[in-house]
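No lab work stands behind these numbers, since they all come straight from the coordinates. Please read these numbers as outputs of a predicted model, since none were measured by experiment. Cβ placement follows ideal geometry from the backbone for every residue including glycine, while neighbour counts extend to all protein chains displayed.
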Amino acid sequence: MRRICALDEIAEGAARGFEWGRGISQRAAIVIKRGETLLAYENVCPHAGTPLDWRPDQFFDASGKWLQCATHAALFQVEDGVCVSGPCVGDKLWPMTIEVRDGDVYLTEAPTDEELEKERQERLARVAKRLGSS
Ligand code: FES
């Protein structure tokens, strides 16, 4: 379990990015606060593996409805991380499990290095398939 911030550090309706670790062990998460709901995803686009934010903590498109990747503008549903527009439609952001305890937000389950590597390999295979079919 990893404490990532105090709950009141995330404004209502906003998303914030958090990073920890270094080098190959570096991880990044997006935490989104919508009313009583907190959601978290790994901050890695399923299309090409880049972070979604175009500036620190800037994850939403202009409408404020969709999470948007800064690299090629894919749009993702907030509630489940599914890509609905862009080059990776149908792919998903990797969900992370979070919990609030005594006013602090904790990541309770994050993907392991092995899971991330497997996901990255699957992403690469999907990209290669797309490129091969176009
Ligand atoms: S890297 Fe995110 S849409 Fe291409």
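At a glance:
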quantity: Distance (nanometres) between label positions extended 7 Å along Cα→Cβ at ASP57 and GLN26; calculated: 2.0
quantity: Total formal charge among the other residues, if their Cβ is under 13 angstrom from that of GLY81, Lys/Arg +1 and Asp/Glu -1; calculated: -4
quantity: Three principal axis lengths of the chain [C-alpha, angstrom, descending]; calculated: 51, 35, 22
quantity: Nearest-20 debye value, the chain charge dipole, Cβ charges on Lys, Arg, Asp, Glu; calculated: 520
quantity: LEU131/ALA14 FRET efficiency (R0 22 Å; Cβ-Cβ; nearest 0.05); calculated: 0.05
quantity: Rounded FRET efficiency, nearest 0.05, which uses the C-beta distance separating THR71 from LEU38 and R0 of 22 Å; calculated: 0.30
